[in-house]
1. Please enumerate the residues belonging to segment 333-369 that are closer than 16 Å to R2 by Cα and open to solvent by 10 Å² or more (accessible area, probe 1.4 Å).
2. Would you mind telling me which numbered condition in (1) within 18 Å of F177 (Cβ to Cβ); (2) surrounded by 19 or more Cβ atoms within 10 Å (Cβ to Cβ); (3) touching a residue at least 60 places away in the same chain (Cβ under 8 Å) L137 fails?
3. Name, by its number, the condition in (1) surrounded by fewer than 23 Cβ atoms within 10 Å (Cβ to Cβ); (2) among the small types (G, A, S); (3) in contact with a strand residue (DSSP E or B) (Cβ under 8 Å, 6 or more places away or on another chain) that does not hold for S6.
4. Among the residues of segment 69-89, is there at least one that is within 30 Å of G335 (Cα to Cα), part of a loop (DSSP other than H, G, I, E, B), open to solvent by 10 Å² or more (accessible area, probe 1.4 Å) and of a type outside the set (F, W, Y)?
5. Just for segment 462-471: of the residues that are touching a residue at least 40 places away in the same chain (Cβ under 8 Å) and of a type outside the set (S, T, Y), which one is nearest to L13 (Cα to Cα)?
6. Can you spot a residue in segment 140-159 that is in contact with a Cys (Cβ under 9 Å, 6 or more places away or on another chain), crowded, with 23+ Cβ neighbours inside 10 Å and of a type in the set (D, E, K, R)?
7. Within segment 494-503, is there a residue that is touching a residue at least 24 places away in the same chain (Cβ under 8 Å) and small (G, A, S)?
8. Being surrounded by 24 or more Cβ atoms within 10 Å (Cβ to Cβ) and touching a strand residue (DSSP E or B) at 6+ places or on another chain (Cβ under 9 Å), is that true of even one residue in segment 195-202?
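The values are calculated or read from the model by the stated rules, or taken from the named source; none is laboratory data. None of the values given here were measured: they were computed from a predicted structure. For neighbour counting, all protein chains shown are included, and Cβ atoms are generated from backbone atoms with ideal geometry for every residue, glycine included. Protein only, heavy atoms only, side chains kept; ligands, DNA and RNA dropped before computing areas. Shrake-Rupley method; radii C 1.70, N 1.55, O 1.52, S 1.80 Å.
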Amino acid sequence: MRGYLSLVLHAHLPFVRHPEHPRFLEEMWLFEAVVETYIPLLRMIDQWRADGVPGRLCFTLTPTLATMLQDPLLQERCARHMDALVDLAEKEELRTILDPPLNRVAAFYKERLSTIRDYYSHCGRDLVRRFRRAQDLGQIEIITCAATHAVLPLLADDPASLKAQLLMARDDYAARFGRSPQGIWLPECAFDARIEPALAEAGFRWFLVDTHGLLHAHPRPRFKTFAPVFTPAGVAAFGRDSESARRVWSRHGGYPGDYRYREFYRDIGFDLDFEYVRAHLAAPDQRGFTGFKYHRITGPGPDKEVYDRAAALALAATHARHFVEARASQCAAVGGALDRPPILACPYDAELFGHWWFEGPEFLDGVVRAAAERGDTILMITPGDYLRAHPVNQAAMPADSSWGEGGHLRVWLNEKNHWILPRLRAAQDRLRVAANQFAGSSPAWEQRALRQAGRELLLAQASDWPFILRTGTSPEYARSRVLNHLENCGALLGQLEDHQPDTAAILALEQRNNIFPDLNPAYWRAKT
C-alpha cells in the first residue's frame with residue numbers, strides 16, 4: 001500500500017501599501033518575496049510542465065497577498081526594485097573581479113536576477129494569473145485564507161466579524177480564480193470548535209490544524225494524523241505530520257541549517273561601505289538587507305566561508321531524496337494499520353522556500369521529482385484530492401489549538417499585544433450596529449463610508465500586527481497600523497451616525513486602502 005504526500009505552501013503577507021510615500025520600508029516584504037520565493041516557485045512549476053513531471057502541490061494565496069500582487073502601484077515599484085537589483089549585480093560583478101570565488105557568486109546573482117526580471121515582465125507582472133494557470137492545468141490546488149489573516153478563534157465571540165472574514169475571503173477567491181475555494185488555511189492554524197459552523201456555512205470542505213489539534217480531537221482519531229477527520233458540520237480537518245515538519249522547520253537537525261547552504265544574515269548591506277550600498281537599501285538612512293549574500297552558513301561563529309552554489313544544489317538534491325525516502329518509510333510503517341493509504345500533510349510557510357532557505361525551491365523541485373520516480377510507493381496529492389479519493393472518514397472535533405509558541409494562541413494574545421483585542425471588539429460592535437442600520441438602503445456616500453469602515457476593520461484584525469508586536473521586529477509600525485485602521489473605522493462610523501459623510505476623506509481612504517472593492521457590508525449583519 002503506497003502513501004500520500006501533501007505539501008501545502010502558505011503564501012501570505014500583510015496588506016502593506018503606502019502610495020503617500022515614494023519608497024516605504026515595509027513594502028520590501030512583498031518585493032523580496034516576489035524575487036526570492038514566488039517567481040522561483042512559479043518557474044519551478046513551469047519546468048515541471050515542460051519536463052512532463054507530474055508535480056502536484058497545494059498553495060494558499062491569501063486575499064491580502066493576491067491584492068498586492070495585482071496592484072498596479074506595487075507592481076511598478078516591484079519592477080523598479082528588480083531593475084535596482086540587476087544594477088547592483090552588475091556593480092558587484094565588477095567590484096569582485098579580482099576575487100574569483102566571490103566573483104562567481106556575483107555572476108550567479110546577475111544571471112539569476114536578470115532571469116527573474118525577465119519572467120516578471122513576460123507574465124505582465126501578474127503572478128496571480130500565473131498561479132491560476134497552474135491550477136487550471138491541474139498542477140496545483142489553490143486555497144484561500146481568512147480575508148486579512150485574522151486569528152479566527154479571537155473573533156468567535158462576534159459571529160458577524162467571523163462571518164465577514166470568511167465570506168469576504170470566499171468572494172475574493174471566486175473573483176480571482178473563477179471557482180469556489182474548497183480548502184481554507186486557518187490563519188496561524190488556529191482552531192476552536194466555535195468557528196466550525198461558520199467554516200461549513202461558508203462552503204469550505206477542509207482545513208489544516210497543527211499536530212496536537214488532531215491528536216487531541218474528540219473522540220481521539222483512530223489513525224492519528226495519517227488520515228483526516230470530519231467535524232460534526234462535515235468539514236475535513238487534516239493534521240500536520242510532525243516528523244516532516246521537524247526535518248524542514250527545525251533549526252537543530254532540520255535541512256536548512258546545514259553548513260553548506262547560504263547564510264541568510266550575512267549581507268553586503270552590513271558588510272560593505274555604507275555609501276556604496278546606500279542607494280540599494282530600503283531605508284537609505286540605515287543599513288539593511290540587499291539580498292546579496294556571499295557566504296555559506298559554515299558554523300555558529302562570525303567567520304563564514306564563501307558560498308558554493310554547485311555544492312549547495314547538490315546538497316538540496318540529496319536532502320530532497322532523503323525526505324522522500326523517509327516519508328515513504330513512514331507510510332510503509334503505518335500503512336498496515338489503516339484501511340486506506342496514509343496521508344502525510346506537510347504545511348509550510350511558502351516564504352521559507354527561497355527567502356529564508358535560499359535553496360528551498362530546489363529542494364521542493366527535488367522532492368517532486370523524487371516522488372514522481374517513486375510513484376509506486378508514494379504519491380503527491382493535495383488534501384482536496386484525498387477527499388475525492390476517500391470521501392468517508394472518522395467523525396471527530398479537533399481540539400482547540402494553533403501553531404507557534406505554546407500551541408494555543410500565546411503568540412497573538414500576550415502582554416505585548418493584549419491591548420488590541422478590546423479595541424477590536426469595540427469597533428466590531430459598532431460596525432455591526434451600523435451594518436444593520438445602513439447596509440442596503442442608505443445614500444451612496446453613506447454606503448461607501450460603511451464599506452470603507454469594513455475594510456479598515458478587516459485590516460485592523462490581521463494576525464500580523466500582534467505577531468510583529470510579540471517578536472519585536474517592527475513594533476512601532478505594527479502598533480500604528482492597528483491604531484490607524486481603528487481610528488479610520490471609528491471616524492467613518494461617526495460620519496454615518498451623524499449622517500454627514502466626509503466625501504474627500506472617504507475617497508482618500510478608498511484610494512489608499514483599496515482592498516476588497518466589492519466588500520459586502522451585509523456580512524456584518526449576522527445574528528448574535
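1. Passing the criteria: A333, V334, G336, A337, L338, D339, R340, P341.
2. (2)
3. (1)
4. no
5. D464
6. No: segment 140-159 contains no residue that is in contact with a Cys (Cβ under 9 Å, 6 or more places away or on another chain), crowded, with 23+ Cβ neighbours inside 10 Å and of a type in the set (D, E, K, R).
7. no
8. Checked against the condition, which is being surrounded by 24 or more Cβ atoms within 10 Å (Cβ to Cβ) and touching a strand residue (DSSP E or B) at 6+ places or on another chain (Cβ under 9 Å), segment 195-202 yields no hits at all.
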